[in-house]
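Following: one structure in structure tokens, then a few remarks.
Just so it is clear, none of the values below were taken in a lab; they were calculated from the coordinates. Since the model is a prediction, treat every value here as computed from it, not as a measurement. Reconstructed Cβ throughout: ideal geometry from the backbone, glycine too, with neighbour counts over all protein chains shown.
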Amino acid sequence: GAVVSQHPSRVICKSGTSVKIECRSLDFQATTMFWYRQFPKQSLMLMATSNEGSKATYEQGVEKDKFLINHASLTLSTLTVTSAHPEDSSFYICSAMGRVNGELFFGEGSRLTVL
Amino acid sequence: KQEVTQIPAALSVPEGENLVLNCSFTDSAIYNLQWFRQDPGKGLTSLLLIQSSQREQTSGRLNASLDKSSGRSTLYIAASQPGDSATYLCAVTAGGGNKLTFGTGTQLKVEL
């Protein structure tokens with residue numbers, strides 16, 4: 001099946017720094033990618049929809065200046081958490097839409113811990 | 001606003017049992033429904049995808065059904081194994097075919 005890779009899988013940073021997470025579709029092109037956030041023992045919450053070559057669409061309540069999304073190519077989307085704070089600590093997961101049946105393929109997730 | 005609920009929230013069964021996980025959604029205007037598996041600290045693995053026009057999909061020991069009119073889906077796991085222990089999530093895609101709305105998940109534990 002299609003493969004989506006996320007990097008890094010774990011990152012620890014100091015409060016106030018920025019962290020970039022990459023999401024790559026390895027064997028297919030994805031014009032649309034999605035970023036989710038998951039708190040412990042909770043389900044995934046969609047943060048934003050990333051469209052190649054255009055601005056991301058953010059869900060209500062998600063700060064676009066806080067969570068910068070760039071989808072510069074058909075295989076790469078990045079999420080940058082700017083000026084991170086401890087409350088940003090979470091599990092971030094990306095997904096990419098395949099071209100067959102609209103199936104979504106997910107990355108392995110990135111665990112962010114802000115100290 | 002679409003809401004997706006999964007019952008039960010947690011389930012513990014002995015190895016070998018057949019089991020059913022339930023998923024319900026409030027807006028029947030869906031494009032498709034997917035069942036996923038998530039292991040602790042990991043991403044999601046797609047198990048089955050059912051298009052809105054389909055009633056069921058099967059893969060190995062897994063069978064998923066969809067009753068769009070009543071807003072329900074079930075995931076049937078036959079002859080459960082300890083390796084099936086994980087959290088199972090269902091998610092529906094809206095009519096536009098893009099955004100997924102996830103259910104609350106069922107945490108399954110299959111014991112030896």
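Might you let me know whether the stretch B:41-60 holds any residue that is at the interface with chain A (Cβ under 9 Å from one of its Cβ atoms), surrounded by fewer than 21 Cβ atoms within 10 Å (Cβ to Cβ), on the phi > 0 side of the Ramachandran plot and in a loop (DSSP other than H, G, I, E, B)? The answer is yes, given that some residue of the stretch B:41-60 is at the interface with chain A (Cβ under 9 Å from one of its Cβ atoms), surrounded by fewer than 21 Cβ atoms within 10 Å (Cβ to Cβ), on the phi > 0 side of the Ramachandran plot and in a loop (DSSP other than H, G, I, E, B). Candidates are the residues of the stretch A:1-36 that are in a strand (DSSP E or B) and of a type in the set (K, R); the one that is farthest from the chain's Cα centre (by Cα) is A:R10. Would you say A:G61 is of a type outside the set (F, W, Y), in contact (Cβ under 8 Å) with a residue 60 or more places away in the chain, out of contact with any Asp or Glu (no Cβ under 6 Å at 6 or more places or on another chain) and within 14 Å of chain B (Cβ to nearest Cβ)? When the stated conditions are applied, A:G61 does not pass them.
Inside the stretch A:67-93, residues that are assigned to a strand (DSSP E or B) and under 14 Å from the mean Cα position of the chain (by Cα) make up a count of 16.
Against the criterion of being part of a loop (DSSP other than H, G, I, E, B), crowded, with 19+ Cβ neighbours inside 10 Å, more than 9 Å from chain B (Cβ to nearest Cβ) and touching a residue at least 40 places away in the same chain (Cβ under 8 Å), A:A96 does not qualify. Checking the stretch A:64-76 against the condition returns a match, with at least one residue being more than 14 Å from chain B (Cβ to nearest Cβ), of a type in the set (G, A, S) and over 26 Å from B:P40 (Cβ atoms).
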